[in-house]
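Asks: Could you have a look at this structure, given as structure tokens, before my questions?
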Amino acid sequence: MAKYNIAVIRGDGVGVDVIEEGLRVMRAVAPRHGIEFVFQEFPWGTAYYLEHGRMMPPDALDLLGPFDAIYFGAVGHPDVPDHITLHGLLLPIRRGFDQYVCERPNVLYPGVTTPLRGKNPGEIDLVVVRENTEGEYADVGGFQYQYTEQEVAIQSAVFTRHGCERVIRYAFELARRRGKKRRVTSVTKSNAQRYGMVLWDRAFADVSREYPDISTESLLVDAACMNFIRRPESFDVVVASNLFGDILTDIGAIVTGSMGLAPSGNVNPEGRYPSCFEPVHGSAPDIAGKGIANPLAAILSAGMMLRHLGAEDAASAVQRAVERVLAEGKVLTPDLGGAATTLQVGEAVARLVTSV
Ligand code: GGG
């Protein structure tokens, strides 16, 4: 019996709804694969902030550190500025646990309609490896003369040789592991960002020499955005800076059918700290609590977590059950053209996960 201790942070908005269904699916898949889950919930997020003046307690990382993984919903609330909620909860977890890889797959599944003409299921199958602890998200900067007419804001992006090399190397290793197109695309804007992103480009060229079996491509982010729409089928593994990776994965999600289908893992590849798995989508306050949010991104994120923990068979079962629900097309939430509820989709996957 494999026992996994999972910290659960539902966070805000639809995070609460979709994590419920991810937990349902994990509970359903566990017995068949000899897994015991111990889930411990942490009620952190904006409701906690409104009560305590912070998104999570000061010793939050000490509390999370001993867990095997973290299962996260979403962060963001209309009553509190997004830079407070994001910097108070998700970013300290990513940085504090050195989760320097954010792995975000985008797959066009059978049964799902893409807004792009002429792209068929199976043709789009890419993974964005987003640098997750530095770059444009580095917490370096400040204000001077704040709230005056002379107000100045400095926001610095940080690119270290070490930080670039390790995430780029992860992307090459992933391209080898996937064994698909065996191609890594690097995305920067080094014509305009002539320090940090030039360093990134050089690191990419240097690391690529260690992988002569993997073909490479370097794109400026504007061309990459265009090509995610024009020729998404040409991508295999895409490695990008923190901000560019975030933007590209919204495009990747929508060209493969819905934000509600995009999972992610914030990974510390060395396993020194727990990794954190979450849907790419945010808290979607407009539909929170209405029971119509698509839980599949959260369920696929649970599948990624299982794979990360070494429960390969259970992870594959979750993946196959989701694919079956999509292919059958009977129980789908409104973002995919259906009329099913969050609960009904979760129950459909949970039913199938024991038989696929
Ligand atoms: N489940 C992901 C989530 O809540 N994302 C909110 C967000 O704004 N994230 C910013 C980012 O990942 O860069």
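The values are calculated or read from the model by the stated rules, or taken from the named source; none is laboratory data. Bear in mind the structure is a predicted one, so any value in this text is a computation, not a measurement. Because the Cβ atoms are built from the backbone with ideal geometry, glycine has one as well, and the counts that use them run over all protein chains shown.
Asks: Which ones in segment 98-138 are within 15 Å of the ligand (Cβ to nearest atom) and among the aromatic types (Phe, Trp, Tyr)?
Replies: Tyr100, Tyr137
Asks: Continuing with this model, one more query. Considering only residues that are β-branched (Val, Ile, Thr) and part of a helix (DSSP H, G or I), look in segment 160-182 and name the one that is farthest from Glu131 (Cα to Cα).
Replies: At the first step, the residues of segment 160-182 found to be β-branched (Val, Ile, Thr) are 160, 167-168.
Then keep just the ones that are part of a helix (DSSP H, G or I); that gives 167-168.
Numbers: Val167: 6, Ile168: 8 Å.
Among those that are β-branched (Val, Ile, Thr) and part of a helix (DSSP H, G or I), it is Ile168.
Asks: Which residue pairs have Cβ atoms under 7 Å apart, sit 6 or more places apart or on different chains, and have a first residue in segment 134-154 that is within 17 Å of Pro92 (Cβ to Cβ) and a second that is of a type in the set (Val, Ile, Thr)?
Replies: Glu134/Val158; Glu134/Thr160; Gly135/Val158; Ala138/Val158; Val140/Val158; Gly141/Ile154
Asks: Scan segment 218-231 and tell me whether some residue there is of a type in the set (Asp, Glu), surrounded by 15 or more Cβ atoms within 10 Å (Cβ to Cβ) and away from the ligand (no atom under 16 Å from the Cβ). Talk me through it step by step, then tell me what you get.
Replies: The first filter runs over segment 218-231 and keeps only residues of a type in the set (Asp, Glu), leaving 222.
So of that shortlist, the ones also surrounded by 15 or more Cβ atoms within 10 Å (Cβ to Cβ) come out as none.
No: zero hits.
Asks: Just wondering, is there one or more residues in segment 183-195 that are assigned to a loop (DSSP other than H, G, I, E, B), of a type in the set (Gly, Ala, Ser) and surrounded by 17 or more Cβ atoms within 10 Å (Cβ to Cβ)? Before you say what the answer is, go through the steps one by one.
Replies: Looking only at segment 183-195, we keep the residues that are assigned to a loop (DSSP other than H, G, I, E, B), and these are 189-195.
Then keep just the ones that are of a type in the set (Gly, Ala, Ser); that gives 190, 192.
Then keep just the ones that are surrounded by 17 or more Cβ atoms within 10 Å (Cβ to Cβ); that gives 190.
Scanning segment 183-195 turns up at least one residue that is assigned to a loop (DSSP other than H, G, I, E, B), of a type in the set (Gly, Ala, Ser) and surrounded by 17 or more Cβ atoms within 10 Å (Cβ to Cβ).
Asks: Regarding Leu64, is this residue surrounded by 17 or more Cβ atoms within 10 Å (Cβ to Cβ) and farther than 18 Å from Val14 by Cβ? So that I can check it myself, show each step before the final result.
Replies: Numbers: surrounded by 17 or more Cβ atoms within 10 Å (Cβ to Cβ): yes; farther than 18 Å from Val14 by Cβ: yes.
The answer is yes for Leu64.
Asks: When you check Glu312 against the structure, is it of a type in the set (Asp, Glu) and without any contact (Cβ under 8 Å) to a residue 24 or more places away in the chain, yes or no?
Replies: Working: of a type in the set (Asp, Glu): yes; without any contact (Cβ under 8 Å) to a residue 24 or more places away in the chain: yes.
For Glu312, the condition - of a type in the set (Asp, Glu) and without any contact (Cβ under 8 Å) to a residue 24 or more places away in the chain - is met.
Asks: Let me ask something additional. Let me confirm something: among Val25, Val80, which residue is under 21 Å from Asn266 (Cβ atoms), of a type in the set (Val, Ile, Thr) and either surrounded by fewer than 15 Cβ atoms within 10 Å (Cβ to Cβ) or not assigned by TED's automatic domain parsing to the domain that holds Val158 (or both)? Steps first, answer last, please.
Replies: Details: Val80 fails: under 21 Å from Asn266 (Cβ atoms).
Just one listed residue meets the conditions, Val25.
Asks: Follow-up question, since we're still on this one. When you look at Gly118, is it at pLDDT below 95, within 23 Å of the chain's Cα centre (by Cα) and outside any helix (DSSP H, G or I), yes or no? First the steps, then the outcome.
Replies: Numbers: at pLDDT below 95: yes; within 23 Å of the chain's Cα centre (by Cα): no; outside any helix (DSSP H, G or I): yes.
No.
Asks: While we're looking at this one, here's another question. Within segment 196-220, can you find the residues that are of a type in the set (Val, Ile, Thr) and within 16 Å of Val167 (Cβ to Cβ)?
Replies: Of all residues in segment 196-220, those of a type in the set (Val, Ile, Thr) come to 198, 207, 214, 216.
The answer is Val207, Ile214, Thr216.
Asks: Considering only segment 201-233, state which residues are out of contact with any Lys or Arg (no Cβ under 8 Å at 6 or more places or on another chain), assigned to a helix (DSSP H, G or I) and not hydrophobic (A, V, I, L, M, F, W, C). So that I can check it myself, show each step before the final result.
Replies: Just the residues of segment 201-233 that are out of contact with any Lys or Arg (no Cβ under 8 Å at 6 or more places or on another chain), to begin with: 201-202, 204-206, 208-209, 212, 218-219, 223-231.
Next cut, assigned to a helix (DSSP H, G or I) only: 201-202, 204-206, 208, 223-230.
Asp201, Arg202, Asp206, Ser208, Asn227, Arg230, listed by residue number.
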